[in-house]
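Report on the structure given below.
Derivation of every value follows stated rules applied to the coordinates shown; laboratory data play no part. What you see is a predicted model; the values in this text were computed from it and never measured. As a convention, Cβ positions derive from the backbone with ideal geometry for all residues, glycine included, and neighbour counts pool all protein chains shown.
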2 protein chains.
Amino acid sequence: MGCYPTNVKIMMTLDETDRRILTHLQRDASMAFDGLGQAVNLSRNACWRRIKALEAAGVISKRVAVLDPQSVGLGLMVFIMIRTNAHAPDWLEQFRNATRTIPEVLGVYRMSGDLDYLIRARVADMGDYDRLYQRLIHRVPLSDVSASFVMEEIKDTTELPL
Amino acid sequence: MGCYPTNVKIMMTLDETDRRILTHLQRDASMAFDGLGQAVNLSRNACWRRIKALEAAGVISKRVAVLDPQSVGLGLMVFIMIRTNAHAPDWLEQFRNATRTIPEVLGVYRMSGDLDYLIRARVADMGDYDRLYQRLIHRVPLSDVSASFVMEEIKDTTELPL
DNA sequence: ACTGAAACAAGGTTAAC
DNA sequence: GTTAACCTTGTTTCAGT
């Protein structure tokens, strides 16, 4: 998935220093090794070597720029809940392909419980959502679909607890 | 929010080159300006200047390291759906504080429709989820709570379409 | 085995055009 | 927008603990 080689997937054991480094990098990956090293009490390249190890082990999967949704005209977040009775072998594959290739769709999850699939997407407005919906049902047959719009994003982060 | 100064929030108009740069940075922010410039047919610091402008305008809000959830022992994603009739003024504030300070909680959304709040969290396993649930209801009174677990992550990205 | 200091190479930043 | 100088920072080497 990520942009670092992950041929051999070894479960790496993280010590306190690794966790401190990762916590910093999850919040701001634009820091220089010098500054990061100071923050975790390590020299520039003790820090460097640990990060390279974390990348090689696949703990750090990539570094990305996070954009402001408002600034790129995607101010509305929507969750689309799907219940289906079509459990045919290729229906799911069709659904995977459709959702993966629609860029407004940020997350697609196959769920436990009575809800079958959950989609998280960002759109400009209601009209934009409707176009997304039309595009989706055009590519894959869906029966029971309901959308719920986000009124307030109380929290939204990529930072995992360590 | 982000780590770049956003005192003045100007709606920046993005041209084709800006969008290409942003698309690259959203996928891999570890690229050098040289390589990025080549990818979008720009010199090293024409590229640099555009990126600085995008940061200053708040379009790029930050750069972060994305970790592999499995590698840090958070292999289970869960959505927690909350319906409430407690619409007291300070209940919401209490709920905001509680969810924002629980690190396993990655997303908290106030919703339209019959569902009132939606929480997205990552935990190690079912036992870990139960501890999260206990912690949550200990900090804020919740009546109608139901959890749905993710069986398969078909898609999960931070990349916004441009 | 992992650390830190110093040398080196590469890339970020600035200035000039 | 580009090219070229500059100087911070990433990377490698090496020696010490």
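Some observations on this one:
- Taken residue by residue and averaged, Cβ atoms of other chains lying within 10 Å of the Cβ of B:144-155 number 6.
- Over chain A, DSSP H runs of length four or greater, each weighted -39,500 (n - 2.57), average out per residue to a 222 nm ellipticity of -11500 deg cm²/dmol.
- In the range B:14-162, taking the dipole from charged Cβ atoms about the Cα centre, the farthest positive-side position among B:47, B:138, B:124 is held by B:47.
- Ascending count of other beta-carbon atoms within 10 Å, so fewest first, for A:19, A:110: A:19, A:110
- Average beta carbon contacts from partner chains per residue of A:107-119, 10 Å cutoff: 6
- B:157, B:99 arranged by Cβ crowding within 10 Å, fewest neighbours leading: B:157, B:99
- For the protein assembly as shown, the number of Lys pairs separated by eight or more positions or lying on different chains, with C-alpha atoms closer than 25 Å, is 16.
- Top positive-direction residue, dipole computed over the range B:1-140 with Cβ charges, set B:84, B:109, B:58: B:58
- If only the Cβ of Lys and Arg carry +1 and only the Cβ of Asp and Glu carry -1, the dipole of the range B:35-118 around its Cα centre is close to 640 debye.
- Debye, to nearest 20: dipole size of the protein assembly as shown, +1 on Lys, Arg Cβ, -1 on Asp, Glu Cβ: 960 debye
- If only the Cβ of Lys and Arg carry +1 and only the Cβ of Asp and Glu carry -1, the dipole of chain B around its Cα centre is close to 640 debye.
- Counting other Cβ atoms within 10 Å as a rough exposure proxy, the listed residues B:62, A:155 run A:155, B:62 from fewest neighbours to most.
- At most 15 other Cβ within 10 Å, DSSP loop - GluC sites (Glu not before Pro), the range B:112-162: none
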